[in-house]
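The block underneath contains the structure these notes are about, expressed in structure tokens.
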Amino acid sequence: MTDETKHSIYTRLSHKGRAGTHVHGFVNPPVHRGSTVLVETMQQRRDNAAKAPTERVMTYGLGGSETHWALEDVVADIEGGTRCKIVPSGLAACTVPLLAYLGSGDHVLVPDSVYGPVRSFCDTMLKRMGVETTYYDPCITQADIAPLFRPNTKVLYTESPGSHTFEVQDVPGLAEVAHARGAKVLMDNTWGIFHFQPFTKGVDVSMQALTKYVGGHSDILLGSITVNTAEDWAAIRASNGQLGMFASPDDCWLALRGVRTMAVRMERQEKSALEVAAWMRNRPEVKEVLHPALPGARGHDIWKRDFTGACSLFGVVFQPGFAPERIDAVAEALQLFGMGASWGGFESLALPSGTMPRTAGTGDFGGPMMRLHVGLEAPADLIADLDQAMRKLHANEE
């Protein structure tokens with residue numbers, strides 16, 4: 001037997017969640033679908049129910065199946081955790097932990113750059129539950145965040161980098177402050193995926209939108225919640241079960257297939273995105289490129305300290321003289337970039353993104369903005385497409 005912990009991410013993603021190379025048959029596991037689980041005796045049913053909180057036994061479809069468990073094993077390994085729960089969307093991956101740790105009278109700290117639907121969840125459902133949210137500067141220091149904690153602050157939420165404006169947070173430093181005050185640290189780690197190891201940086205619960213790189217083909221909705229302690233597993237498992245969250249086994253199977261090629265796709269997309277970002281940085285129409293892996297970019301020093309790589313998503317700030325409708329025209333003129341939400345798939349995307357709500361006095365980058373996701377197309381072709389589309393910025397000029 002080999003020590004799997006010493007294998008590279010490429011090897012682990014190829015082999016985790018499979019029966020093994022010496023099990024004869026198809027290389028991919030079967031799909032297990034079902035709701036009702038039959039037992040031979042009532043004692044077996046009682047025994048299974050007693051084991052379910054800590055062991056993997058099938059009691060009912062909502063508890064998952066071997067298809068779910070195989071994917072959970074892969075994701076937990078990617079993030080360096082012990083247990084993982086698969087949920088039906090990336091948003092569910094973010095909201096289930098918030099509901100697990102927050103109740104009436106509690107307080108949560110959330111970065112001002114947070115994913116829009118999570119902000120909406122905080123401002124609506126959590127507010128109705130009697131939970132108060134404070135939005136903080138995502139680039140805040142340890143010294144400045146400490147006074148924001150209250151006796152009833154139960155959760156520090158992080159998202160690094162922000163998925164529209166790419167602020168890189170000092171997660172280890174902020175986690176140290178949170179833990180000293182008894183708060184849990186949650187992190188949306190979708191951008192970092194396997195380039196950021198959350199449980200070595202003070203994170204208690206890591207959330208992923210598996211819709212993105214794990215799926216890889218823009219045809220499934222899926223999320224994951226990974227923990228590293230029995231205490232956090234009990235909280236997440238209970239919250240998820242009480243909400244009746246269930247991911248389709250067919251989507252889990254597709255995610256298992258997608259994960260096999262994720263590392264090589266991301267390696268190619270990281271390289272291509274940096275090439276496109278560097279080209280955009282040299283355009284006179286561009287004020288700033290928000291890509292933390294670029295030397296000199298915002299957040300680069302923390303990114304270099306905490307991350308082992310980057311992904312395909314970054315932002316562009318255009319010069320302030322361009323009206324937002326000109327930026328829309330650029331996006332509409334692109335031929336290889338689609339216009340749409342999400343990212344992480346094989347196809348490139350462009351989306352004007354300067355209208356995300358901010359309430360903590362952050363987010364003003366001095367010009368209209370666009371978010372780019374670089375897919376598997378040749379970077380030279382993408383650059384040529386951007387070059388022709390950016391002529392729309394100069395329409396009607398003399």
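Quick notes on this one:
- In the chain the Cα-Cα distances spread across 10 Å bins starting at 0 as 5, 22, 30, 25, 13, 4, 1, 0, 0 percent of all pairs.
- Listed residues Val87, Val27, Val155, most fluctuating in the chain (Gaussian network, C-alpha, under 10 Å): Val27
- 3J(HN,Hα) couplings calculated from phi for the range 326-339 with the Karplus curve 6.51 cos²θ - 1.76 cosθ + 1.60 (θ = phi - 60°) are, in sequence order, 5, 5, 4, 5, 4, 4, 6, 7, 5, 9, 9, 8, x, 9 Hz; Gly and Pro show x.
- Listed peptides 377-390, 270-283 by packing density, highest first (mean Cβ within 10 Å): 270-283, 377-390
- The chain: angle of helix 249-259 to the longest principal axis, Cα-based, in degrees nearest 10: 60
- Relative contact order of the range 4-259, defined on C-alpha pairs under 8 angstrom at six or more residues apart (%): 24
- In terms of overall dimensions, the C-alpha atoms belonging to the range 263-394 reach 37, 36, 26 Å along their principal axes, ordered largest to smallest.
- Taking the chain as a Gaussian network of alpha-carbon nodes connected by springs under 10 Å, the highest mean-square fluctuation of the residues Arg268, Arg257, Arg56 belongs to Arg56.
- Aspartates and glutamates whose Cα lies under 19 Å from that of Lys212, excluding same-chain neighbours fewer than 8 positions away: Glu72, Asp73, Asp77, Glu79, Glu159, Asp188, Asp250, Asp251, Glu267, Glu270, Glu347, Glu377
- The C-alpha atoms of the chain define a longest principal axis, and helix 66-79 lies at about 50 degrees to it.
- Within a Gaussian network of the chain (alpha carbon springs, distance under 10 Å), most fluctuating of Thr200, Thr165, Thr36: Thr36
Coordinate-derived values only; no laboratory data. No experiment lies behind these values; they were computed from the predicted model shown. FYI the Cβ positions are ideal-geometry reconstructions off the backbone, even for glycines, and counts take in every protein chain you see.
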